[in-house]
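Quick notes on the structure that follows.
Bear in mind that the values in this text are calculations on the coordinates, not laboratory data. Since this is a predicted model, take the numbers as computed values, not measurements. Positions of Cβ are generated from backbone atoms using ideal geometry, with glycine treated the same way; all protein chains shown enter the neighbour counts.
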Amino acid sequence: MKRWVAAFFLAGAFASGLQAERFEHKFRAGEKYRFLSTVEEDVYVNRRLSYRAQIANRISFEVPEVFPDGSGLLRGTFSTSTRFQGLAAYVQDQTYESEYKLSRNGLFDISPRFFMPVVRNVPTFPDRDLAPGDTWAAPGEERHDFRTDFGIPDPFVIPFTASYTFVGPETRDGLDLRVIKVSYTIFHRPPEPLIHSGVFPTQIAGWSEQTLYWDPLRGGLHSYEESFQFVLERSDGTTVEFRGKAASRMLEAPPLDRDALARELQEATKGMENVTVQAGDEGVTITIENIQFEADSARLLPSELEKIARIADILKAYPERDILVEGHTALAGTAAGRQKLSVERAAAVADRLVNLGARTADRIIVRGW
């Protein structure tokens, strides 16, 4: 169960008084948002630790339209990646597209075909001013992608009621923020799905506790923290427990002028053999042809280390941009084998960039082909 929370805090609050404040989602057409959330999760199967996972969720949203009632149309991409044991970089798992209308007080109007966001109608604000210490409750839901685990084709719905407390102001990172506590518990026994792969969830129970840090001057979320624990019981008698913590923050980055950045990088890489730069839909691509590895392995040859070090120095000049490292291999062996090796080789390059200080690990994604 991957935790996705940051995407629902694309909104802001405005102060209507020194103590009491009215919180509501406010949108401006053309605005874009980027969030990065990280999850540290322990997974237990039948009460035995199965594995530990570190997950990075990248969320990019835009507001193409604002409606007369103040609600906004949100359209964006959710990308999840996992860090495997022994690697510094995160390997991309899956990407989702989503689009929905969000009301001023936080209610979703979204097609049932979308899997993201997972948590919906959180936060929901009351139609009144809130003073520190005020509490309220509102319904919400989680919708999970159980296609791979259980063969359930549609988003799996888990309802809950969230409890809120407006704690008050707090200075954090030099900013005057507002703190909101959110918590909810889940105890859900769903009916057997109409379509599944033979095993299906019979009960989901657990809790989530979140702290939201609101920036009233900017009108949006500064960051959030969460701890959670959920137990999923399966029809075959297996129990799977998820324990962990998560954190998210908005990433500040100026609008990307792809062509201008491509020209800068072309100049910076001039004279580097087998290196090309071009602008595209995903950003600006630096292609290094014929990176040499030991045969059938992901170990870089010593001759390639200087080239990667030069690329790392160039990337340090653009710290606000995330990096995607893609790996490609020759058409030899099986498709699965090529995919595995391409991921491992891309991860080797990404790890080198991390070790050279080009980025922190959560700002580099690995993808293999």
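A few notes on this one:
- Spacing of the two label points (7 Å from each Cα toward its C-beta) at Leu261 and Thr360, in nm: 1.9 nm
- For the stretch 174-192 versus the stretch 310-369, the gap between their alpha-carbon centres in whole angstrom: 35 Å
- Here the scattering of the stretch 258-368 is modelled by Debye summation over its C-alpha atoms, one equal scatterer each and no solvent; at q = 0.12, 0.14, 0.21, 0.24 Å⁻¹ the log10 of I(q)/I(0) is -0.41, -0.56, -1.25, -1.53.
- Here the spin labels are modelled as points 7 Å beyond Cα on the Cα-Cβ line, and at Thr135 and Asp69 they lie 3.0 nm apart.
- Tally of Lys pairs whose C-alpha atoms are under 27 Å apart, taken over the chain, 8 or more apart or cross-chain: 17
- A cut-off of 5 Å between modelled amide H atoms, ignoring neighbours fewer than 5 places along the same chain, links Lys26 with Gly12.
- Loop-located GluC sites (Glu not before Pro) in the stretch 219-320, at most 10 other Cβ atoms within 10 Å (DSSP): Glu252, Glu273, Glu282, Glu289, Glu294
- Prolate/oblate/rounded call for the stretch 178-332, Cα gyration tensor, a/c under 1.5 rounded: oblate
- On the beta carbon distance between Glu320 and Lys245, with R0 = 35 Å, the FRET formula returns roughly 0.85.
- DSSP bridge pairs, the chain: antiparallel proportion in percent, nearest 5: 95 percent
- Think of each Lys and Arg Cβ as +1 and each Asp and Glu Cβ as -1; about the Cα centre, that makes the dipole of the stretch 258-368 roughly 120 debye.
- Where [x] 21.8; [y] 21.2; [z] 22.6 are the candidate values, the label of the one calculated here for Kirkwood radius over Cα pairs in Å is [z].
- The stretch 48-186 shape via C-alpha gyration tensor axes, a/c threshold 1.5: prolate
- Test item: Cα-centred dipole of the chain, Lys/Arg +1 and Asp/Glu -1 on Cβ, debye: 360 debye
- Net charge dipole size for the stretch 194-319 [Lys, Arg +1 and Asp, Glu -1 on Cβ; Debye, nearest 20]: 220 debye
- Label separation (Ser183 vs Arg234): 3.1 nm, computed from points 7 Å beyond Cα along the C-beta direction.
- 3J(HN,Hα) along the stretch 165-180, derived from phi through the Karplus expression 6.51 cos²θ - 1.76 cosθ + 1.60 where θ = phi - 60°, amounts to 9, 7, 6, x, x, 7, 8, 9, 6, x, 10, 8, 10, 10, 9, 10 Hz, with x in place of Gly and Pro.
- If R0 is 25 Å, the Cβ-Cβ spacing of Asp42 and Arg218 corresponds to a FRET efficiency of close to 0.15.
- R0 of 35 Å, Cβ-Cβ distance Gln339-Leu49: FRET efficiency to nearest 0.05: 0.80
- Residues whose amide H lies under 5 Å from that of Asp93, counting only those 5 or more places away or on a different chain, are Thr80, Ser81, Thr82; hydrogens are built 1.01 Å from N in the peptide plane.
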